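Chemist: The structure is given below, and queries will be raised subsequently.
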Amino acid sequence: EDKVVQSPLSLVVHEGDTVTLNCSYEVTNFRSLLWYKQEKKAPTFLFMLTSSGIEKKSGRLSSILDKKELFSILNITATQTGDSAVYLCAGEIQGAQKLVFGQGTRLTINP
Amino acid sequence: NAGVTQTPKFRILKIGQSMTLQCAQDMNHNYMYWYRQDPGMGLKLIYYSVGAGITDKGEVPNGYNVSRSTTEDFPLRLELAAPSQTSVYFCASSYSFLAGGNNEQFFGPGTRLTVL
């Protein structure tokens, strides 16, 4: 059975801290790993990772994939209160491009 | 572009009632998906479609039906609503990877459904 597991499930930090969110996956016919940010509404896309060891960056956010150990991390540096959200990772299955989502990490940034 | 639109935003159903959740996209995406998200959980795939006339079951299809008569629309039908179907429903769409370019899924704003 395809499975994606995120840790921690919940994290509370102070503004300015750096956080690392973890995602491990067991997905047959794996093609890519995606990260989404979900505030109160729909998930919004952050990153898609298809190759091992190549970091993707967008401002203070970065992510990397390890296809040998089957995990990915999402780093956020100099956190701001606007980073408070649920962060979802998902493994993509080839073919129909179906996504298998993890439970999400609820990140709370306190001022 | 409106992107992915969903109606209604909220709905309360009584046990045994039926309804259709509407989803439309104007990005000419081949692939469309329906997910449900229970409180504190990730998203679970209900049904998906790789093109007009083609649909298939996801992880949790029981109690639901779909159709895809056009590229733009992908309605989700609930027959005989049950309290276990209380959830937030998201529709999403994407390009085919084979078409080139980024193929991430774009999500609609969601429909919050309560079955009492």
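Chemist: Within chain A, how many Lys pairs that are eight or more residues apart, or on different chains, come under 30 Å at the alpha-carbon?
Modeler: Total qualifying Lys-Lys pairs in chain A comes to 27.
Chemist: Counting only other residues whose beta carbon sits under 11 Å from that of B:D56, what net charge do I get with K and R as +1, D and E as -1? Please list the in-between numbers first.
Modeler: Working: positive: A:K98, B:K57, B:R68; negative: none.
Net charge around B:D56: +3.
Chemist: Another question, if that's okay. Residues of the range A:54-103 losing 40 Å² or more of accessible area relative to the isolated chain, 1.4 Å probe, heavy atoms only?
Modeler: The answer is A:A96, A:Q97, A:K98, A:L99, A:F101, A:Q103 - residues whose exposure falls by at least 40 Å² when every protein chain is included.
Chemist: Can you check how the C-alpha radius of gyration of the protein assembly as shown compares to 2.2 N^0.38 Å, as a plain ratio? Numbers along the way, then the final one.
Modeler: Details: Rg = 17.6 Å, N = 227, 2.2 N^0.38 = 17.3 Å.
After normalising by residue count via 2.2 N^0.38 Å, the value is 1.02.
Chemist: Return the single residue from B:G16, B:G51, B:G42 with maximal mean-square fluctuation; model: Gaussian network over chain B, springs between Cα atoms under 10 Å.
Modeler: Top of the fluctuation ranking is B:G42.
Chemist: Non-local amide H neighbours of B:Q17 (under 5 Å, H modeled in plane, Pro and chain starts lacking H): which ones?
Modeler: B:A81
Chemist: Using a cut-off of 12 Å between beta-carbons, work out the net charge of the residues near A:L34 (Lys and Arg +1, Asp and Glu -1, A:L34 not included).
Modeler: Values: positive: A:R31, A:K37, A:K56, A:K98; negative: A:E92, B:E104.
Once all neighbours under 12 Å are counted, the net charge is +2.
Chemist: Now a separate question. Which value, in Å², gives the accessible area per residue of chain B when a 1.4 Å probe is used on the protein heavy atoms?
Modeler: Values: 5570 Å² over 116 residues.
Result: 48 Å² of accessible area for each residue.
Chemist: Take the alpha-carbon positions of chain A, form their convex hull, and give its projected area averaged over all directions (one quarter of the hull surface) in nm².
Modeler: Here the figure is 6.7 nm², rounded to one decimal.
Chemist: Now for a different question. Once you place label points 7 Å from the Cα toward the Cβ at B:V60 and B:Q17, how far apart are they in nm?
Modeler: 2.1 nm
Chemist: For A:S10, put the label point 7 Å out on the Cα→Cβ axis and report which residues of the range B:35-79 keep their amide N under 19 Å from it.
Modeler: What the label zone holds, given the 19 Å backbone N cut-off, is B:38-43.
Chemist: Give the Rg (one decimal place) followed by the Dmax (whole number) of chain B, computed from C-alpha coordinates and expressed in Å.
Modeler: Rg and Dmax of chain B, Cα atoms, are 13.7, 45 Å.
Chemist: Cβ under 12 Å from A:L49's Cβ, A:L49 left aside: what net charge do those residues give with Lys, Arg +1 and Asp, Glu -1?
Modeler: Details: positive: A:R31, A:K56, A:K57, A:K67; negative: A:E55, A:D66, A:E92, B:E104.
With Lys, Arg at +1 and Asp, Glu at -1, the net is 0.
The values are calculated or read from the model by the stated rules, or taken from the named source; none is laboratory data. For clarity, every value in this text was computed on a predicted model and none was experimentally measured. A quick note on method: Cβ atoms are made from the backbone with ideal geometry, for glycine too, and the neighbour counts reach across all protein chains shown. Each accessible area value is taken on the protein alone, full model and side chains, heavy atoms only, with ligands, DNA and RNA left out. Shrake-Rupley method; radii C 1.70, N 1.55, O 1.52, S 1.80 Å.
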